[in-house]
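See structure below.
The values are calculated or read from the model by the stated rules, or taken from the named source; none is laboratory data. Computed from a prediction, not measured in an experiment: that's the story for all the values here. Here the Cβ is made from the backbone with ideal geometry for all residues, glycine too, and neighbour counts use every protein chain on show.
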């Protein structure tokens, strides 16, 4: 496979990390001999976009906490990720701030008593908008993959929505499903 292409699996990003472990992205990149980092470009409360409100079971425009990140692979833009949380879960926690979270957000959620047990992912392809093209250094005709992930707890309550935008030519999504 082309060395510039990233093979992405979701599983490492769904489970809390052990104490002292780095975040899943940095560990995943290091395991593939690469360097993964991220920049928090915004964190705080915002009105929920309609799709996010629907997935979280909230009225349109209700406040949610968002963490907007530029994900870098070997210091190059690899993905844009917006992660949304209900304010009842995230308000007043490090999820609402721009500081790095030790072990990652999923680990913090577990420490706060919110553990994901069911994940739904939808993937579509599209052309990027102007801001996405600029951030990901794409031409106007380069397609992107859009992955929306909903995480539910054991009571089927939504605890997190991720919306990711990735350059299609640099990505390979891998899904491994074990039955039985």
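Do we have residue 116 as more than 22 Å from residue 73 (Cβ to Cβ), surrounded by fewer than 17 Cβ atoms within 10 Å (Cβ to Cβ) and either under 18 Å from the mean Cα position of the chain (by Cα) or at pLDDT below 95 (or both) here?
So residue 116 fails the test.
Are there any helices (runs of 4 or more DSSP H) wholly within region 79-180 with 1 or more residues that are touching a strand residue (DSSP E or B) at 6+ places or on another chain (Cβ under 9 Å) and more than 15 Å from residue 64 (Cβ to Cβ), and if so which?
The qualifying helices (runs of 4 or more DSSP H) are 105-111, 130-136.
Only one residue in 91, 154, 149 is in contact (Cβ under 8 Å) with a residue 24 or more places away in the chain and loosely packed, with under 12 Cβ neighbours inside 10 Å. Which one?
154
Cβ-Cβ under 8 Å, sequence separation 6+ or interchain: first residue in region 53-71 and in contact (Cβ under 8 Å) with a residue 60 or more places away in the chain, partner assigned to a loop (DSSP other than H, G, I, E, B) and crowded, with 18+ Cβ neighbours inside 10 Å. Which pairs?
Short answer, once both residue conditions are applied: 56/48.
Is one or more of the residues making up region 36-53 at pLDDT below 95, in a loop (DSSP other than H, G, I, E, B), loosely packed, with under 14 Cβ neighbours inside 10 Å and at negative phi?
Scanning region 36-53, I find no residue that is at pLDDT below 95, in a loop (DSSP other than H, G, I, E, B), loosely packed, with under 14 Cβ neighbours inside 10 Å and at negative phi, so the answer is no.
Looking at (1) more than 15 Å from the chain's Cα centre (by Cα); (2) modelled with pLDDT of 95 or more, which one does residue 74 not meet, given that it meets all the others?
Of the numbered conditions (1) more than 15 Å from the chain's Cα centre (by Cα); (2) modelled with pLDDT of 95 or more, the odd one out for residue 74 is (2).
Need the failing condition index for residue 133 against (1) farther than 21 Å from residue 44 by Cβ; (2) surrounded by fewer than 16 Cβ atoms within 10 Å (Cβ to Cβ); (3) free of Cβ contacts under 8 Å to residues at least 24 places away in the same chain, just the number.
Condition not satisfied by residue 133: (2).
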